[in-house]
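The values are calculated or read from the model by the stated rules, or taken from the named source; none is laboratory data. Given the structure is predicted, the values throughout are model-derived calculations rather than measurements. Methodologically, a virtual Cβ is constructed for each residue, glycine included, from the backbone with ideal geometry; neighbour enumeration extends over all protein chains shown. These accessible areas exclude ligands, DNA and RNA; they are computed on the full protein's heavy atoms, side chains included. Shrake-Rupley method; radii C 1.70, N 1.55, O 1.52, S 1.80 Å.
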Amino acid sequence: MPEIKPEQSIELLKELHILTRDGKLNQDTRRKLKQVYHLYQFIEPLMADIIEHKGSLNLVDHGAGKSYLGFILYDLYLKQFDQAHVYGIETRADLVKKSQDLAHRLGFSKGMSFKAMSVEESIQTQELPEKIDIVTALHACNTATDDAIRFGLAHNARYMVLVPCCQAEVASILRQEKGQTLGKTPLSELWRHPIHTREFGSHLTNVLRCLQLEARGYQVTVTELVGWEHSMKNELIIAKKVGGFKKSARERQLAILEQYHLSALKERFAY
């Protein structure tokens, strides 16, 4: 099958349900495979940059779930490097155990580890390296993306690659504050209708995240990504550490929080 890269583990693709049990591709699984490789194309240059300049790499997949992303990255690229390691962080111990078992079956245990930890535990633990090169969070629902950002900032990550989804926290506060905001400014029309509240809240959440990253010295790129979980469109945030604190980004972030009555979220988005 020409679509499959020659270095790709067939057993892994079966575990990810990208190949059928008899090792074949159908129309649906062929689309999934293209989406997997599409995401890989964004992250591979970042891994190559770290390896070239440092000779080693620590990557943490935060909120890893079944660790599909970590397995793909390790299988396609990192398994060739002795000094590369992927850590999957997940709160659900059963998923961690399944990932450990799969890594053992594939012979990936040397370069992959999985930890059942909360975000606070992952920040404070001594089981992870102090310096993390890349932090990923794929389809991290609601505040899980913010947890990944906190982790990345705490470990001074060189790169962060984030694909958020299911963002409800900001929209919930916008609904609560409608009585105080509707009609007082023409901008309130942006979230007057319920569907607009949801979509605008999601958009505003990612804007605040990007400003948080910029305030902490990251260069941020935002683009579209077609994910492999049957999503029509996902927002991909790629952040690269380039400098120190940026006051102007923090000021814009705080102004947005105040203008949209989101000051209750200051500790989440502006620290």
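General remarks:
- Tilt relative to the chain, helix 194-215 - C-alpha long axis, 0 to 90 degrees, to 10: 70
- Anchor Lys32: aspartates and glutamates whose Cα lies under 15 Å away (excluding residues fewer than 8 positions away in-chain): Glu3, Glu15, Glu229
- Contact order relative to length of region 95-236, as percent, for alpha carbon pairs under 8 angstrom and 6 or more apart: 17
- Overall shape: rounded for region 36-163, with the ratio a/c of the largest to smallest alpha carbon gyration tensor axis below 1.5.
- For the chain, the fraction of C-alpha pairs more than 27 angstrom apart is 42%.
- Size of electric dipole in the chain: Cβ of Lys, Arg +1 and of Asp, Glu -1, about Cα centre, debye, nearest 20: 400
- The chain: angle of helix 93-106 to the longest principal axis, Cα-based, in degrees nearest 10: 30
- Karplus (6.51, -1.76, 1.60) ³J(HN,Hα), θ = phi - 60°, over region 249-256, in Hz, Gly and Pro reported as x: 5, 5, 5, 5, 4, 5, 5, 5
- Note on region 36-163: lysine pairs with Cα distance below 21 Å, sequence gap of 8 or more or different chains, count 19.
- The H on the amide N of Glu235, modeled in the peptide plane, is under 5 Å from the matching H of Leu225, each at least 5 residues off or on a different chain.
- Percent carbon-and-sulfur accessible area, the chain, ignoring ligands, DNA and RNA, probe 1.4 Å: 51
- The alpha-carbon of Lys266 sits under 18 angstrom from the alpha-carbons of these lysines, leaving out residues fewer than 8 places away in its chain: Lys246, Lys247.
- Amide proton proximity set for Ala84, modelled H, under 5 Å, gap of 5+: Leu57
- Karplus-derived 3J(HN,Hα), 6.51/-1.76/1.60, for each residue of region 79-87, Hz, glycine and proline x: 5, 7, 10, 5, 9, 9, 9, 10, 10
- Local electrostatic count at Pro194 - Lys and Arg +1, Asp and Glu -1, tallied over other residues with Cβ under 11 Å: +3
- Its relative contact order, with pairs defined as Cα atoms under 8 Å and 6+ residues apart, puts the chain at 14 percent.
- Accessible surface area normalised per residue over region 177-270 is 56 Å², counting heavy atoms of protein chains with a 1.4 Å rolling probe.
- In sequence order, calculated HN-Hα J values of region 32-39 (Karplus, 6.51, -1.76, 1.60; Hz; x Gly/Pro): 4, 4, 4, 5, 4, 5, 4, 5
- For region 36-163: relative contact order, % (alpha-carbon pairs under 8 angstrom, 6 or more apart): 26
- Degrees separating the helix 144-154 axis from the principal Cα axis of the chain, which is the longest one: 80
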